[in-house]
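To start, the structure under review is shown below, and the notes come after it.
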């Protein structure tokens, strides 16, 4: 690996890189800004400009005839073939590339956004107006006035981007040759690149680039040890894109939680970059599909909020807030939170007994408006901020946007915090994990090579939820009180177990690919016991999940098989044959359930304290009874 | 068309009485609801898929009404209520589920049954809604197969599942490898060859998405005292909203009525609609007018059932999103639905209006984060300042002001946010010298010589955005 710093000197300060920041009303284009409004040069623009130059250099010098923009196109004589990419594709990546056997990455260049060298420097903006002149009246054409917001001309801007050139191959000799060649090509492209972004014909985007190779930033100080389980607080340093199971149309949306697969991928790719032999046993044990560590989902959180497994993640389906004055976090509580699980159980029990009750908990206790399930996450007051960036392939012949090659990506904005955990870490892999979490540059989600999803990880001691027996005791006491208030009698309450999904539960499927279970059968098997499990109540919604692998090169094009799933937040209430099921429940909490548990799917919490915390008080009573 | 006031209460009472006597003391109330109806309707952004999924839900309601006429109390909007003998209820539920599953694989039917006690009908009804609400997250998993992969071989309609069947003429000029999935055949089979995408409604790049829903309907239904009241209110509300959609279609120019809007109304109290922003004023006007008239007629017509006061607070919340057409239909609908909720919150305020609307204009897919062009929701009930009608009139009047003047004042408004006095000074200076600004205030019936009035009625960011949109759409 060769690390470098790339400096951009924009002495005129006239940069016009659009499509990265939200346009304000009335402005046609806005210069690229970071989450705090400071100008930056997105890595995509930087890589595009360098690639354009490198392609021209390689072609002009007669070294080879690279393809155009990684699309394998460029007419006859193009040296880029599937499995034998041209030099430009080896460095910058190509469309549809996968990591083959003996390879470590599909492209060698990792390059992040270029940010201001002096981040505190004040900058003045200016609005550039442009107008089309109607030829007949020789006056401004109606509806053809544009305003572009950018840095005011005349103020020098200096940016710095950090990057590295990766070893592409496991073979050390081949990798050494590749590293030297790619460093050479990058140096040449940097020297010859003079413009970034749009408007070069109008004198915009003129830059001087310089490249400096530096030592690896990895700190070789002592690494704190990690134990069997760690809790992670993760700060996004650059915007992140985490693929939805099914992308829709031309806008690639991001999911707002981080699946365990993305976390494991970040750790795995981070370590694979620096390990001499990535096939070494201790590393493989850490990321193994069957016996490796258990990488939970990371959920968005407010940094100042208290964490832990019962304080993060999705709201249970049974937790509601007022439709008129919804709960938006502790600072905007609206009419507060209500959990209706005890009331739902009362309704189910009364219904089974052929009785009617009149609870009033489907209405807001303050204003009597309807209640609705809460969307979002427990640890966060509002949805994480996102931004939509546009990317376009430049046509090499006319220098404009390539037809049919404009993509929009939704990204989670930098500055967002997440929390999650890695559990059941094999002893052999702990040193590797500690090194990755404390010292290596990790990236979550897609776009690692263009600097997306860079994170800073803080490792914290694991927080355990209250003991299971205590949670059960509190819940059952709350349920008994509520049933009594509603006049519902029930035997065998001590056999009730309440399970909520902290992450999606992948459902088993039959030979035709359709789900054969809604989660109840799998949970019943896991609960085991002497007799059949009966289900008192379920509140669950369905979706589907699907992963993507860089290493897969089969006909599916890297896309993994899909699963139907019960969504995170679903609640299942079972009645066990006997009251001695605590051991099974504890095991279920620790190991999860269903396929792909190592990637955080199927995580279960029994007797979630939230059910008791927000259950109605006795004063709220049965309402206007019959 | 039948109006709510023309509901034959006598016939309705007779029908319900026949149901009651048929079940005697041994009856059961059965409620059904289509689970995941929005996902079913907006699975694809193609007009034919949206229309047909809506029609599928309506057809199912009709099938229930026709084939279980001896049991049905109402069947509308993907929801229904039946009263049947206990020994027949299992058979009826099985038939409902089987028929629904035959229609589509992309949604499932939620069924709830409670015992019927003729001496406590209101309690039984309330209990039924309560149990149905408690079990709404228990509908079975839809049977549609999983999406397998991206790229070649996907269904040419939904682009999610494997295409396994030949296109049967639904796709113009299909290539040999183009196929559609069995679930989509069921959707597409009803309307033939209409293949338009929603983009056709957006010749200037902007598409309007409307989400409207009755206000306080849940509370109204839950409090209804007996089966005749449930049947009558369901019929009145359903007819009112059906009429509203018909009136919206009538409000379009004659040549656009067939294809100008893509309604997804399923016969209940909700309307989901895609249309060209050019039709904004006509469509929202027709919707609110017709719903208002329908509800007033219902109040009169249902007075003998003692429901007049219950209908007093019922109105409509309307959310309109105008955004680039490239977003997926479901995403646009989500934002329009959020706008609808904001409008409804205004109605729920003390002394709030019966009906309100919220308009959100997004200039780009990213502009959702720029909320400066959004204003508060607006009452639909009156025509005074701060109402929906006033916003539209102001925007229309603003299109007559030079674009350079508008651009300059809009820019000033953004730059001087928080410095209202300075902005007002600047604005008044322009007003004094530019006749078009004076005509603007004349058009919205504000005395432009009165500085206080001018300050209160200066165009907002949303008015500028709407004016720009209206002008572009009219060009």
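The values are calculated or read from the model by the stated rules, or taken from the named source; none is laboratory data. Note that this is a predicted model, so its numbers are computed, not measured. Here the Cβ positions follow ideal geometry from the backbone for every residue, glycine too, while neighbour counts run over all protein chains shown.
Contact annotation: residue pairs with Cβ atoms under 7 Å, 6 or more positions apart or on different chains, pairing a residue in region B:373-385 that is away from chain A (no Cβ under 14 Å) with a partner that is in a loop (DSSP other than H, G, I, E, B) and surrounded by fewer than 22 Cβ atoms within 10 Å (Cβ to Cβ), are B:378/B:386; B:378/B:387; B:379/B:353; B:379/B:387; B:380/B:353; B:381/B:353; B:381/B:354; B:385/B:457. Within region A:371-415, the residues that satisfy the criterion of being within 14 Å of chain B (Cβ to nearest Cβ) and within 15 Å of residue A:329 (Cβ to Cβ) are A:374, A:375, A:376, A:382, A:383, A:384, A:385.
Here are A:77, A:19: which of them is out of contact with any strand residue (DSSP E or B) (no Cβ under 6 Å at 6 or more places or on another chain) and either closer than 26 Å to residue A:397 by Cα or surrounded by 22 or more Cβ atoms within 10 Å (Cβ to Cβ) (or both)? Give the steps one after another, and end with the answer.
Numbers: A:19 fails: out of contact with any strand residue (DSSP E or B) (no Cβ under 6 Å at 6 or more places or on another chain).
Of the residues listed, the single one that is out of contact with any strand residue (DSSP E or B) (no Cβ under 6 Å at 6 or more places or on another chain) and either closer than 26 Å to residue A:397 by Cα or surrounded by 22 or more Cβ atoms within 10 Å (Cβ to Cβ) (or both) is A:77.
Results for (1) closer than 22 Å to residue B:201 by Cβ; (2) at pLDDT 70 or above, shown as yes or no for each residue.
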| residue | (1), (2) |
| --- | --- |
| B:240 | no, yes |
| B:250 | yes, yes |
| B:259 | yes, no |
| B:265 | yes, no |
| B:273 | yes, yes |
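The residue that is surrounded by the fewest Cβ atoms within 10 Å (Cβ to Cβ), among those in region B:305-347 that are at the interface with chain A (Cβ under 10 Å from one of its Cβ atoms), in a helix (DSSP H, G or I) and touching a residue at least 60 places away in the same chain (Cβ under 8 Å), is B:330.
For first residues located in region B:19-30 and more than 13 Å from residue B:87 (Cβ to Cβ), partners that are at pLDDT below 90 and surrounded by fewer than 22 Cβ atoms within 10 Å (Cβ to Cβ) and lie 6+ apart or on another chain with Cβ distances below 8 Å form the pairs B:19/B:70.
For region A:227-241, the criterion of being within 14 Å of chain B (Cβ to nearest Cβ), within 30 Å of residue A:390 (Cβ to Cβ) and either surrounded by fewer than 20 Cβ atoms within 10 Å (Cβ to Cβ) or at pLDDT below 85 (or both) is met by none of the residues.
Which ones in region B:348-359 are within 14 Å of chain A (Cβ to nearest Cβ) and modelled with pLDDT of 90 or more? Selection gives B:356, B:359.
Run down B:465, B:443 and say which single residue is crowded, with 20+ Cβ neighbours inside 10 Å and touching a helix residue (DSSP H, G or I) at 6+ places or on another chain (Cβ under 7 Å).
Numbers: B:443 fails: crowded, with 20+ Cβ neighbours inside 10 Å.
Matching residue, one of B:465, B:443: B:465.
State whether the residues of region B:395-402 include one that is more than 26 Å from residue B:322 (Cβ to Cβ), away from chain A (no Cβ under 14 Å) and touching a helix residue (DSSP H, G or I) at 6+ places or on another chain (Cβ under 8 Å).
no
With the requirement that a residue be out of contact with any strand residue (DSSP E or B) (no Cβ under 7 Å at 6 or more places or on another chain), under 15 Å from residue A:571 (Cα atoms) and facing chain B (nearest Cβ under 10 Å), what does region A:330-370 give you? A:343 - this is the single residue of region A:330-370 that is out of contact with any strand residue (DSSP E or B) (no Cβ under 7 Å at 6 or more places or on another chain), under 15 Å from residue A:571 (Cα atoms) and facing chain B (nearest Cβ under 10 Å).
Checking region B:449-459 against the condition returns a match, with at least one residue being within 14 Å of chain A (Cβ to nearest Cβ) and surrounded by 16 or more Cβ atoms within 10 Å (Cβ to Cβ). Total residues in region A:511-533 satisfying the condition of being closer than 18 Å to residue B:140 by Cα and either within 11 Å of chain B (Cβ to nearest Cβ) or in contact with a helix residue (DSSP H, G or I) (Cβ under 9 Å, 6 or more places away or on another chain) (or both): the figure is 10. Select from region A:509-544 the residues that are under 29 Å from the mean Cα position of the chain (by Cα) and on the phi > 0 side of the Ramachandran plot and write down the one among them that is surrounded by the most Cβ atoms within 10 Å (Cβ to Cβ). Checking each candidate, the answer is A:519.
From A:424, A:435, A:454, which residue is on the phi > 0 side of the Ramachandran plot and at pLDDT 90 or above? Reasoning before the result, please.
On the way: A:435 fails: on the phi > 0 side of the Ramachandran plot; A:454 fails: on the phi > 0 side of the Ramachandran plot.
Exactly one residue qualifies, and that residue is A:424.
Mind checking which residues of region B:24-36 are more than 19 Å from residue B:232 (Cβ to Cβ), surrounded by 14 or more Cβ atoms within 10 Å (Cβ to Cβ) and in contact with a helix residue (DSSP H, G or I) (Cβ under 8 Å, 6 or more places away or on another chain)?
B:27, B:28, B:30, B:32, B:33, B:34, B:35
Number of residues in region A:325-347 that are surrounded by fewer than 20 Cβ atoms within 10 Å (Cβ to Cβ), in a loop (DSSP other than H, G, I, E, B) and in contact with a helix residue (DSSP H, G or I) (Cβ under 9 Å, 6 or more places away or on another chain): the value is 1. Within region A:82-111, being in a strand (DSSP E or B) and at pLDDT below 90 holds for A:84, A:103.
Quick check: anything in region A:212-221 surrounded by fewer than 16 Cβ atoms within 10 Å (Cβ to Cβ) and farther than 30 Å from residue A:190 by Cβ? Give the derivation first.
Residues of region A:212-221 that are surrounded by fewer than 16 Cβ atoms within 10 Å (Cβ to Cβ), as a first pass: A:212-221.
Narrowing further to those that are farther than 30 Å from residue A:190 by Cβ: A:221.
Within region A:212-221, one or more residues are surrounded by fewer than 16 Cβ atoms within 10 Å (Cβ to Cβ) and farther than 30 Å from residue A:190 by Cβ.
Here residue B:101 meets each of (1) farther than 23 Å from residue A:564 by Cβ; (2) touching a strand residue (DSSP E or B) at 6+ places or on another chain (Cβ under 8 Å); (3) surrounded by fewer than 21 Cβ atoms within 10 Å (Cβ to Cβ) with one exception, condition (1). Scanning region B:402-438 for residues that are outside any helix (DSSP H, G or I) and either exposed (fewer than 15 other Cβ atoms within 10 Å of the Cβ) or in contact (Cβ under 8 Å) with a residue 40 or more places away in the chain (or both) returns B:402, B:417, B:418, B:419.
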